[in-house]
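Visitor: Would you mind keeping the following structure in view while I ask a few things?
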Amino acid sequence: MKFALIKERKNPPDRRVVLSPQALEKLQSDFPDAELVVESSDIRVFKDAEYSDLGFTVTDDVMDADVMLGVKEVPIDALVPNKSYFFFSHTIKKQPYNRNLLRAILDKNITMYDHETIVNEKNNRLIGFGYYAGVVGAYNGIRAYGVKFGGLSLPKAETLKDKDALNAELDKISLPKMKIVLTGNGKVGTGAKEILDHLKIKEVSVDEYLNDEFDEAVYVQIDVLDYNTRKDGQDLGKSDFYDNAEDYKSNFKRFTKVSDVFIAGHFFGDGAPYLYTREDAKSPDFKIKLVADISCDIDGPVASTLRASTIADPLYGYDPQTESEVDYRDENAIVVMAVDNLPCELPNNASRGFGFMFLRDVIPAFFNGDKDGVLARAKMTENGKLTARYEYLQDYVDGKE
């Protein structure tokens, strides 16, 4: 089995990679039968020499590899027929902008494994960049507060070498009195919480947050049943929410009445209620001044997120009265940070963290007969057809939806 780390070709450039030089070295040590090759790249966060110095072949031609390992979508004209590919295809939710990509994957007889489809037997994702999205998203949210309101100054995360350098910048600032609400307890929420804790912001309970006043910055981390309630008033537990989200309504409004900053790190599932609507944001008692929307569901559960922003231009404003985008410096604007590729700002750390998970949960399946079914569950296409697990995408491929 020959694996190739492929060059990222999508624009804007993405400096991340599935396996760092050290991760590739561990793969070779753990699985001596694996053949490994690295496609030369002038974009990747790790230089070609860092791989070649460890004895790995770095070349412009990886056509003889069996398995191609990438991060972002591979341009259609760069797809090599009859190979296996790993990358984020952004097709499993029937994203219209990548319909032709999935068609090309099928036409070229490619066996496709989307990083998002790598799950355990309970359908929980095994790998991803969520933690670093949370880290950078929370950092960007704090930075945005300083840009808008003054009192603190932070450089862009993309200008910093790594997470240690990011933390060193946080050590230079102190926050004014404010209330921060953080949604989500998954990898994204965990990363965001780590930033708030590094800043030594006091964590308080939901009851304290909603009812008490503080002379310092405080935050609360809330889960789905803290901001959703069943329409019939029953309390049936979190699993019921995931199974029957349409039976719930949002009670997030109680947080919007007392919060200055909202960090959105939750996962938004089909049928779940919106956290706040455009009408909610018009209310005189809506107090949120800044939203760091790490989840970045466009025109969805967070009404002020009209579009994704970019690393180069991360902030825009939302005027709740006109329901339109304005300059974030506008007096009436809610500041929105909605960068949708946050881990790209810390490519070194993000790549190392991703590689650790990929080595732990994916690579062994190639050498143990896929005894845990990881590859079987993740395989989207084979022999020019969608696999049974992903047949729901056929109408999408056919252009019927």
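Here is a yes/no grid of residues against (1) among the small types (Gly, Ala, Ser); (2) under 23 Å from Asp64 (Cβ atoms):
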residue: Ala4; (1), (2): yes, yes
residue: Lys7; (1), (2): no, yes
residue: Lys10; (1), (2): no, no
residue: Asp14; (1), (2): no, no
residue: Ala23; (1), (2): yes, yes
residue: Gln28; (1), (2): no, yes
residue: Lys47; (1), (2): no, no
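Visitor: Separate question: Residue check, Asp114 against (1) modelled with pLDDT under 95; (2) closer than 18 Å to Ala388 by Cβ; (3) not basic (Lys, Arg), all met but one. Which one?
Guide: Single failed check for Asp114: (1).
Visitor: Report whether or not Thr159 is over 29 Å from Phe286 (Cα atoms), among the β-branched types (Val, Ile, Thr) and at pLDDT 95 or above.
Guide: For Thr159, the condition - over 29 Å from Phe286 (Cα atoms), among the β-branched types (Val, Ile, Thr) and at pLDDT 95 or above - is met.
Visitor: In the range 344-368, how many are acidic (Asp, Glu) and surrounded by fewer than 23 Cβ atoms within 10 Å (Cβ to Cβ)?
Guide: Number satisfying all stated conditions: 1.
For every residue, the table says whether it meets (1) among the β-branched types (Val, Ile, Thr); (2) in the same structural domain as Phe366 (by TED's automatic domain parsing); (3) free of Cβ contacts under 8 Å to residues at least 60 places away in the same chain; (4) crowded, with 21+ Cβ neighbours inside 10 Å.
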position: Leu27; (1), (2), (3), (4): no, yes, no, no
position: Ser40; (1), (2), (3), (4): no, yes, yes, no
position: Leu54; (1), (2), (3), (4): no, yes, yes, no
position: Thr59; (1), (2), (3), (4): yes, yes, yes, no
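Visitor: Going through the range 35-58 one residue at a time, which ones are closer than 19 Å to Asp14 by Cα and either touching a Gly at 6+ places or on another chain (Cβ under 8 Å) or assigned to a loop (DSSP other than H, G, I, E, B) (or both)?
Guide: Within the range 35-58, Ser40, Ser41, Asp42, Ile43, Arg44, Val45, Phe46, Lys47 meet the criteria.
Visitor: Which of (1) within 27 Å of His90 (Cα to Cα); (2) in contact with a Ser or Thr (Cβ under 7 Å, 6 or more places away or on another chain) is the odd one out, the single condition Ile334 does not satisfy?
Guide: (1)
Visitor: I've got another one for you. Could you check how many residues of the range 331-343 are buried (at least 24 other Cβ atoms within 10 Å of the Cβ) and of a type in the set (Asp, Glu)?
Guide: 0
Visitor: A follow-up question, please. List the residue pairs whose Cβ atoms are under 7 Å apart, where the first residue sits in the range 239-260 and is of a type in the set (Ser, Thr, Tyr), the second is surrounded by 14 or more Cβ atoms within 10 Å (Cβ to Cβ) and part of a helix (DSSP H, G or I), and the two are 6 or more positions apart or on different chains.
Guide: Cβ pairs passing all conditions: Tyr248/Phe241; Ser250/Tyr227; Thr256/Asp280.
Visitor: Could you check the range 145-173 and list, in sequence order, the residues that are under 29 Å from Val326 (Cα atoms), among the small types (Gly, Ala, Ser) and exposed (fewer than 13 other Cβ atoms within 10 Å of the Cβ)?
Guide: Gly150, Gly151, Ser153, listed by residue number.
The values are calculated or read from the model by the stated rules, or taken from the named source; none is laboratory data. Not measured: the values here are computed from a predicted model. No Cβ is skipped: glycine too gets one built from the backbone with ideal geometry, and neighbour counts run over all protein chains shown.
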